[in-house]
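The next block holds one structure in the form of structure tokens; read it before the comments.
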Amino acid sequence: MSIKNVFIIGIGTMGLDIAQVFASHGFAVCAYARSEASLDRAKAKINGTLSKRVARGKMTQDEMDFILHNIDWETDYNKLDRADLVIEAVAEDSSVKHEIYDQIEALCPERTIIATNTSSISITELAAYTTRPDRFIGMHFFNPATVMKLIELIRGMNTSDETFNAIEELCREIGKEPVEVSECPGFVVNRILIPMINEACFIVQDGVASIQDVDTAMKLGANHPMGPLALGDLIGLDVCLAIMDTMFNETHDSKFRACPLLRKMVRAKLLGKKTGRGFYDYSAK
Ligand code: CAA
């Protein structure tokens, strides 16, 4: 099937970057948020990022205009009737996702594939909230989605080969490399990456090394592009905690026990870049 119209629900950090990726490849994108205030924030953010790239000579003004021209900003679901693909990128809460699928399904044409960008919730469970589990798939982008090449494609128990193949081809059309992953908590990348970030939290909590030294150690000693604590701040410490908790709850394996410091920081709303403070302070930037 040919996918041309993409409707993205939730334009936080991930949804907005995903919208940019599709728009830059000439897709007609609808970017949906619940409120005008969220849309205004998203528009200001993408305008700011793209303008900076133009100013630095990384992108032409025409390329920026092309991206913005391909995005319609929506606070209702009216344009779902033309969607070939819906990508849901809202909070990691299955009841919130369930409510959204209930609202949108009747408005989508038969052919519409629903993809979720969930980083940890079972695709089979989410697919079962819809009446089209064969046309439901996990399409897991990485942060920052404009830069990171990988998309994990996760089949739910009932995802059809036709759906999988269409989305696999689409990933390549937007310049990404898909990998096929069977459903399991954390998929591949997060099952490795998030316990590493969690362990870095334990190291700080236990007073073994400072925040800066943990990050320096992993950058210079393991050649990571950024340290695990800075990466946790980039991903969002609430997202990291939600992934640890899901992996623990699904497996009851103690290796997935969330670090108490991580939980405490989330309770204190020190979530990282998005709230201005996590392990580092971003308020001045
Ligand atoms: N649109 C398009 N391109 C952009 C961009 C944007 N919004 N923002 C940055 N870029 C481009 C930059 O222009 C640059 O490209 P050029 O070489 O052409 O200039 C490139 O992307 C790198 O950007 P920067 O120079 O700003 O930054 P950097 O070189 O310091 O790299 C980084 C930043 C890509 C974040 C790097 O530090 C990195 O790879 N970190 C690790 C990220 C990671 O592990 N992400 C996965 C998180 S896990 C996840 O997301 C899954 C989950 O479920 C939790």
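Listed by chain and number, the lysines whose C-alpha is less than 21 Å from the C-alpha of K79, apart from same-chain residues fewer than 8 away, are K4, K43, K97.
For the chain, set up a Gaussian network in which alpha carbons nearer than 10 Å are linked by springs, and say which option among I87, I11, I211 fluctuates the most. Fluctuation is largest for I211. For the stretch 200-285, what class follows from the C-alpha gyration tensor (a ≥ b ≥ c being the square roots of its eigenvalues): rounded when a/c is under 1.5, otherwise prolate if a/b is larger than b/c, else oblate? Oblate is the answer for the stretch 200-285, as a/c is 1.5 or above yet b/c matches or exceeds a/b. Cross-link partners of K264 among aspartates and glutamates, defined as those whose alpha carbon lies under 16 angstrom from its own and excluding same-chain residues fewer than eight positions apart: E199, D206, D233, D238, D245. For the chain, modelled as a GNM whose springs connect Cα atoms under 10 angstrom apart, the maximal fluctuation among A44, A222, A166 occurs at A222. Placing unit charges on the Cβ atoms only, positive for Lys and Arg and negative for Asp and Glu, gives the chain a dipole magnitude near 1080 debye about its Cα centre.
In a simple Cβ point-charge model (Lys, Arg +1; Asp, Glu -1; nothing else charged), the stretch 87-208 has a dipole of about 220 debye relative to its Cα centre. A straight chain from D161 to D245 at 0.36 nm per residue would run longer than the Cα-Cα distance by 27.2 nm.
Between the helical axis of 211-222 and the dominant principal axis of the chain, each derived from Cα atoms, what acute angle in degrees is found, rounded to the nearest 10? Once rounded, the angle reads 70 degrees. Summarised as an ellipsoid, the chain has semi-axes of 31, 24, 17 Å, derived from the eigenvalues of the Cα gyration tensor scaled by 5 and square-rooted, with the largest first. Among the DSSP beta bridges whose two residues both lie in the chain, what percent are antiparallel, rounded to the nearest 5? About 20 percent, rounded to the nearest 5. Across the stretch 110-135, the residues whose backbone nitrogen lies under 17 Å from the label position 7 Å along the beta-carbon direction of V188 are 119-120. Between A19, A33, A268, the residue with the greatest mean-square fluctuation in the GNM of the chain (Cα pairs under 10 Å linked by springs) is A268. Across all Cα atoms of the stretch 21-70, the radius of gyration (one decimal) and Dmax (whole number) stand at 11.5, 34 Å. Residues in the stretch 3-11 carry Karplus couplings, in order, of 9, 10, 10, 10, 10, 9, 9, x, 10 Hz; the curve used is 6.51 cos²θ - 1.76 cosθ + 1.60 with θ = phi - 60°, and Gly or Pro positions show x.
A short reminder: the numbers here are calculations on the coordinates, not readings from a lab. Remember, it's a predicted structure, so these values are computed and weren't measured experimentally. Positions of Cβ are backbone-derived with ideal geometry, glycine not excepted, and every protein chain shown enters the neighbour counts.
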